[in-house]
Amino acid sequence: PRALIRYAGKNGLVITEITAGTGIVDKGDETDTLPAVPLISGPSPLDTAFNLLAFLGHQAARDAEVTIFETAKDGFNLTIKAGLLLSGGDRQILFHAKKLPQQFLDILKEGKTEVVFIADNEAGRAVVEKTLRVLNIPFSPGTFSFTLPGKTDKASAATLSFPALKAETNRGALYLINFALDRDIGELLRTRW
């Protein structure tokens, strides 16, 4: 694949393809057809959760007012400002950076609002796992390998391996990584697998 040849060239390895009968293969410069690997990490853990939700196609509201007590029912109003609020169907998910009193959590749970606590110093991976878990998206950590089929007697010509968190979404497998992935390798992975 051209993406692999470009990546190897950027790292000092020149690959020359030779085929029987025609000689040296020149694929020319192919234009990049895919965008760069999307970045979901943000300046804060709540930003990371927001970016992941958006990438997965969810629209979360920032700084949304959530009612705990209402005047008509409780004699007074009490609202909290959610870091993020995701509404869908008869369920809401509130992402909050501060611990809430158990009484508030119980009231929210009765109202079919699930609360996800994301601390200001939460690690990115923990934020991603909490977000996937609350969305009921199955995921598993591991080192994942992808082989390039070769045209020789060998089973494969190359293997790409990397650590990731693999999530099974309705659009297929999603590999979440915590390192910069070269654009050419990203293109190769998305076009081949």
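The values are calculated or read from the model by the stated rules, or taken from the named source; none is laboratory data. Everything numeric here is computed off the predicted structure, so don't read it as measured data. Cβ coordinates were reconstructed from backbone atoms using ideal geometry, including for glycine residues, and neighbour counts include every protein chain displayed. Side chains are part of the model used for accessible areas, which takes the heavy atoms of the whole protein and leaves out ligands, DNA and RNA. Shrake-Rupley method; radii C 1.70, N 1.55, O 1.52, S 1.80 Å.
The single condition from (1) under 28 Å from Leu188 (Cα atoms); (2) in a strand (DSSP E or B); (3) small (Gly, Ala, Ser) that Ala54 fails is (2). Residue pairs, Cβ under 6 Å, 6 or more apart or interchain, first in segment 106-126 and in contact (Cβ under 8 Å) with a residue 12 or more places away in the chain, second surrounded by 14 or more Cβ atoms within 10 Å (Cβ to Cβ) and of a type in the set (Phe, Trp, Tyr). List them. Every condition considered, the pairs that remain are Val116/Phe95; Ile118/Phe95. Taken over segment 51-65, the criterion of being touching a Phe, Trp or Tyr at 6+ places or on another chain (Cβ under 9 Å) and in contact (Cβ under 8 Å) with a residue 40 or more places away in the chain is satisfied by Leu53 alone. Selection of first residues in segment 165-178 that are basic (Lys, Arg) and of second residues that are surrounded by 13 or more Cβ atoms within 10 Å (Cβ to Cβ), restricted to Cβ pairs under 6 Å at least 6 apart or on distinct chains, gives the following pairs, ordered by first then second residue: Lys166/Tyr175. For segment 129-147, the candidate set comprises residues that are surrounded by 14 or more Cβ atoms within 10 Å (Cβ to Cβ) and part of a strand (DSSP E or B); within that set, the residue that is nearest to the chain's Cα centre (by Cα) is Phe139. Residue count for segment 84-122 satisfying the condition of being in a loop (DSSP other than H, G, I, E, B), in contact with a strand residue (DSSP E or B) (Cβ under 9 Å, 6 or more places away or on another chain) and under 26 Å from Gly57 (Cβ atoms): 4. When Ala167, Ala126, Ala49 are screened for being out of contact with any strand residue (DSSP E or B) (no Cβ under 9 Å at 6 or more places or on another chain), surrounded by 12 or more Cβ atoms within 10 Å (Cβ to Cβ) and not in a loop (DSSP other than H, G, I, E, B), only Ala126 passes. Could you check segment 119-161 and list, in sequence order, the residues that are at pLDDT 90 or above, of a type in the set (Phe, Trp, Tyr) and touching a Ser or Thr at 6+ places or on another chain (Cβ under 9 Å)? Scanning segment 119-161 gives a single hit, Phe144.
Checking the stated criteria, Asp120 turns out to be open to solvent by 60 Å² or more (accessible area, probe 1.4 Å), under 14 Å from Leu46 (Cβ atoms) and either of a type in the set (Asp, Glu) or touching a Phe, Trp or Tyr at 6+ places or on another chain (Cβ under 9 Å) (or both). Candidates Phe69, Phe76: the one that is among the aromatic types (Phe, Trp, Tyr) and exposed (fewer than 11 other Cβ atoms within 10 Å of the Cβ) is Phe76.
Screening Lys73 on (1) farther than 23 Å from Pro45 by Cβ; (2) in contact with a strand residue (DSSP E or B) (Cβ under 9 Å, 6 or more places away or on another chain) shows it passes everything except condition (2).
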